[in-house]
Amino acid sequence: MKPLARLIATVCGVGYLKPAPGTWGSAVTLPLGFALHALGGFPLILIGIIATFAKGWWATAVMTQGKKDHDPSEIVIDEVAGQLIALTPLSYAAWAHDLPALALWPGWVAAFLLFRLFDILKPGPIGWADRRGDALGVMLDDIIAGVFAALGVMVLAGLYHGVLGL
């Protein structure tokens with residue numbers, strides 16, 4: 001079970017890339033998110049989030065069982081779940097309006113940057129989740145960071161398309 005948990009938690013070894021394994025975990029999620037969207041649109045992104053959260057929670061619990069460090073840097077499956085959430089407004093907009101997902105490329109950049117910002121700074125509830133000190137906290141801090149980033153993407157899109165009229 002431990003080799004499977006390691007494979008999942010490190011996203012096939014991406015978590016061992018240096019520097020900044022969390023950023024690498026987020027970066028590999030962009031093509032994954034695009035592929036999920038291309039194959040099944042917004043519904044498949046949602047299924048991907050749920051599946052990633054469930055398998056990530058399990059794999060993180062296995063990887064950290066009996067260890068002092070509850071959130072080792074090589075565990076990046078949590079970044080995948082959070083980054084997918086940050087991409088949901090883009091996937092939904094492309095799916096609902098029959099747009100090519102890559103036509104929304106500025107939003108993809110914003111989703112990536114906002115997610116990394118919230119994941120690194122850990123404001124408010126993100127920091128609370130991180131301080132839980134367990135596998136659920138490892139996953140939850142990135143889930144919440146993903147929600148914050150998704151909200152940020154929507155605000156930026158509203159400003160760009162609504163206020164600026166572009």
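The values are calculated or read from the model by the stated rules, or taken from the named source; none is laboratory data. In this text, all values refer to a predicted model and were calculated from it rather than measured experimentally. A quick note on method: Cβ atoms are made from the backbone with ideal geometry, for glycine too, and the neighbour counts reach across all protein chains shown. Areas reflect the complete protein model, heavy atoms only, side chains present, ligands, DNA and RNA absent. Shrake-Rupley method; radii C 1.70, N 1.55, O 1.52, S 1.80 Å.
Given (1) in contact (Cβ under 8 Å) with a residue 60 or more places away in the chain; (2) under 22 Å from PRO21 (Cβ atoms); (3) not aliphatic (A, V, I, L, M), identify the lone condition not met by THR88.
The one condition THR88 does not meet is (2).
Could we say that ASP98 is out of contact with any Gly (no Cβ under 6 Å at 6 or more places or on another chain), under 18 Å from HIS161 (Cα atoms) and not in a helix (DSSP H, G or I) here?
yes
Can you name every residue in segment 61-72 that is surrounded by fewer than 20 Cβ atoms within 10 Å (Cβ to Cβ) and either assigned to a helix (DSSP H, G or I) or modelled with pLDDT of 95 or more (or both)?
Within segment 61-72, ALA61, VAL62 qualify.
From LEU46, LEU102, grab the single residue that is aliphatic (A, V, I, L, M) and over 25 Å from VAL138 (Cβ atoms).
Working: LEU46 fails: over 25 Å from VAL138 (Cβ atoms).
None of the others qualify; the one that does is LEU102.
Quick one: which of GLY127, GLY137 is of a type outside the set (A, V, I, L, M, F, W, C), in contact (Cβ under 8 Å) with a residue 24 or more places away in the chain, open to solvent by less than 30 Å² (accessible area, probe 1.4 Å) and more than 26 Å from HIS161 (Cβ to Cβ)?
Of the residues listed, the single one that is of a type outside the set (A, V, I, L, M, F, W, C), in contact (Cβ under 8 Å) with a residue 24 or more places away in the chain, open to solvent by less than 30 Å² (accessible area, probe 1.4 Å) and more than 26 Å from HIS161 (Cβ to Cβ) is GLY137.
Sort out which residues of segment 101-124 are open to solvent by 50 Å² or more (accessible area, probe 1.4 Å) and in a helix (DSSP H, G or I), and write them in order of number.
Those that are open to solvent by 50 Å² or more (accessible area, probe 1.4 Å) and in a helix (DSSP H, G or I): LEU102, ALA103, TRP105, PRO106, VAL109, LEU113, LEU117, ILE120, LEU121.
State whether the residues of segment 130-149 include one that is in a helix (DSSP H, G or I), farther than 27 Å from GLN65 by Cα and small (Gly, Ala, Ser). Show your work before the answer.
Taking segment 130-149 as the starting set, the residues that turn out to be in a helix (DSSP H, G or I) are 130, 135-149.
From what's left, farther than 27 Å from GLN65 by Cα: 147-149.
Now drop any that are not small (Gly, Ala, Ser), which leaves 149.
So far as segment 130-149 goes, yes, one or more of its residues are in a helix (DSSP H, G or I), farther than 27 Å from GLN65 by Cα and small (Gly, Ala, Ser).
Of all residues in segment 145-166 being touching a residue at least 40 places away in the same chain (Cβ under 8 Å) and among the hydrophobic types (A, V, I, L, M, F, W, C), which is surrounded by the most Cβ atoms within 10 Å (Cβ to Cβ)?
Here the residue is ALA145.
Of all the residues that make up segment 46-68, how many are touching a residue at least 40 places away in the same chain (Cβ under 8 Å) and of a type outside the set (Ser, Thr, Tyr)? Walk me through how you get there before you give the answer.
First, pick out the residues of segment 46-68 that are touching a residue at least 40 places away in the same chain (Cβ under 8 Å): 46, 53, 55-64.
Narrowing further to those that are of a type outside the set (Ser, Thr, Tyr): 46, 53, 55-59, 61-63.
Within segment 46-68, residues that are touching a residue at least 40 places away in the same chain (Cβ under 8 Å) and of a type outside the set (Ser, Thr, Tyr) number 10.
Just wondering, is there one or more residues in segment 40-60 that are under 12 Å from the mean Cα position of the chain (by Cα), open to solvent by less than 20 Å² (accessible area, probe 1.4 Å), small (Gly, Ala, Ser) and over 17 Å from VAL153 (Cα atoms)?
yes
Identify, by number, the condition in (1) closer than 14 Å to ALA9 by Cα; (2) open to solvent by 30 Å² or more (accessible area, probe 1.4 Å); (3) at pLDDT 95 or above that GLU79 doesn't meet.
Result: GLU79 passes all but (2).
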